[in-house]
Amino acid sequence: MNFYAAQDEARRATRRLVWLFLLSVLALVAGADLLLLGVMYMSEQPYGSGFGSYAAQADPSIHLAAAVPVLLVILAGSVYKYLQFSEGGRRIAESVGARPVPPGDDDSQRRRLLNVVEEMAIAAGAPVPAVYLLEDEPGINAFAAGITTDDAVVCVTQGCLALLSREQLQGVVAHEFSHILNGDMRLNARVVGVLHGILLIGLIGEWLVRAVARGRRRYRSARSDGAGGLLAVGAGLMVIGYGGTFFGRLIKASLNRQREYLADASAVQFTRNPGGIGGALKMIGGHAFGSRIDNPAAPVVSHMFFAAGLKGLFGAGGFALFATHPPLERRIRRIDPAWDGRYPAVKPLQREPTAPKPPEPTPVQIMEKVAVVLGAVLAPPAPGAEVRPEHVDYARYLLAGLPDVITAAAREPYSARALIYAILFDADDAARAVQIEALRLREEGIVQEQALALHASIRELDRAYRLPVVELALPALRGLSPPQAGRFLDTLTAVIRSDRRVTLLEWSMATVIANTLQPAARHPGLPVHRLDLLKIQVRVILSVLAHAGPADPGAVEHAFRQGAESLGSTGLAAYDRGVLTFDTVDNALRQLDRLVPLEKERLLIACARVVGANRAVDVQEFEALRAVAAALHCPAPPIVITPGAG
């Protein structure tokens, strides 16, 4: 799966969504027009005039009176729901009754889920998403939701958690990560907005019918000459609303089925294990509850589910035309052609005790465990183009090697802040003293004490672990309230700038954390379709990456030229390090984030050429590359580096 091609396809799918939406609106407007003309015809009953003649002779203002309210209702409903869900995946998950799983949860089943999500996120080079659970749903299902990788959530049902083995759960999570990485989440949020506007007309009709019925029961003796007309209008709006349901289901089905096949294939690619996702699909077939979701809000987000969550006409077993997911049997046979067609008898898994933490791996063990991956740097595709099984292996082994004190601190909002400060503290005593003073002026004493205590563990940790530790802390940091998050970012900036210099690690951390805690503040704005319109910004970023490598001026210029020439630019030189201030680089990245996906791919290929120019990639270079990718809202699977290489 190529991330950028998938993103571009998602943009084209959005255009198809717009056309389908317009066709649906036209049909609903026509239905409302016929309803209004019908009501007027029945009330006036012109002598000798059929309905066709009456409609043809109707004043144009009547058609306008039918169209304008319908258009306003659809527009208002769509905009309202889209703005509501644009707050991120958290809002979507909560709309169907899901509850967050705290990063520090020590329940064995939930801890296993959190570990799988953490592994997949680090393997994909994406922020670790928040995890949600539908506790009252016994069916086996899941979904990913959000607008960008920074506000994504992964949500699973209790049935998924309780019935699937670790490898099956990993297959489901990998499937959902495919949706996170290929642009499906934003498209899904837009579909929800479109459908809400269309369905709102039917909801208004239903409200009107109920209001008239209640009024008639309350005032039985009163004259209600207009009640019949209002009842007819309400019933007509309900009929139009059912038409909206028809078009809404058709839109979901037309955009979703092929994407499920793609996500299944990607899950097999990520995990190198067809039995994981294939086994999960077979468990759905053998489970009494299947993949059913009973929450009343489930129909709104049914197209986001791992498997069909609804039953009846528009769900599993219904008309194929309206199915949001391919048939279960067909999905399984694509993964396992030798499947005999029989489903397993589903029994709850026994709760497993928390496994003891393995000893920290040595550099030799890691060298044996994971092959060094340089293909993402030395040749296309760019970082983020695909997640390979060795990335997942690396992420799992990396997390297993973290000391308990660090993983515990990363999973609680209060101590996660201290952990970030601890990573920032300089090895030089004088510089660290200045940073500690900046922290003392802005943070509580207990946070300072925690940061100093954690710094001792961080100093013993190889630098290759530091950015993954930051990403591991992101779900906990998302638990900060907006005022707390704002204060934390202000303090973070003050600590970084206190020694009057900004290192690449500091800049990388600040970029990744700011993207996660304040995604709305970094909204890219109108898209830019050509990279050459942002030449200055491109030169800034390529210069930053060139300076991340060997300090020799010749090596810097060689690395810069490798990236510039891959974009067709010649005769340019890297900016001096002194020009590349924190604000200059941050502003350049904000502009470059406006690029369309395929242009971002070109840029990140150029960045990878810079980093790989000297045929050796150290931790500092990858941290800078990862920060650039994060600022552009693109994943960057790790260049697997043996600890000690940086």
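Per residue, how large is the accessible surface of segment 102-178? Use a 1.4 angstrom probe and give square angstrom.
Values: 1420 Å² over 77 residues.
I get 18 Å² per residue for this part.
Using R0 = 30 Å, the C-beta based FRET efficiency linking D59 and L26 works out to 0.90.
A cut-off of 5 Å between modelled amide H atoms, ignoring neighbours fewer than 5 places along the same chain, links A130 with V154.
Between A211 and A555, what's the calculated FRET efficiency when r is the beta-carbon distance and R0 is 51 Å? Round to 0.05. Working from the Cβ atoms, E equals 0.10.
Rounded to the nearest Hz, the phi-derived 3J(HN,Hα) couplings of segment 531-538 under the Karplus curve 6.51 cos²θ - 1.76 cosθ + 1.60 (θ = phi - 60°) are 5, 6, 7, 10, 4, 5, 5, 4, where x marks glycine and proline.
Between the alpha-carbon centres of segment 71-116 and segment 450-497 there is a gap of 25 Å. A simple rule links phi to the HN-Hα coupling: the Karplus curve 6.51 cos²θ - 1.76 cosθ + 1.60 with θ = phi - 60°, which for segment 598-605 gives 5, 6, 4, 4, 4, 5, 6, 4 Hz, with x for Gly and Pro. Remark on L595: its backbone amide H falls under 5 Å from those of V528, a criterion applied only to residues 5 or more positions apart or on other chains, H modelled at 1.01 Å from N.
Calculate, in nm to one decimal, what R497 and R590 gain on full extension: separation in residues at 0.36 nm each, minus their alpha carbon distance. Before the final figure, lay out the partial values.
Details: separation 93, 0.36 × 93 = 33.48 nm, distance 2.02 nm.
That works out to 31.5 nm of additional length.
The values are calculated or read from the model by the stated rules, or taken from the named source; none is laboratory data. Computed from a predicted structure; not experimentally measured. Positions of Cβ are backbone-derived with ideal geometry, glycine not excepted, and every protein chain shown enters the neighbour counts. The accessibility values were calculated without ligands, DNA or RNA, using every heavy atom of the protein model including side chains. Shrake-Rupley method; radii C 1.70, N 1.55, O 1.52, S 1.80 Å.
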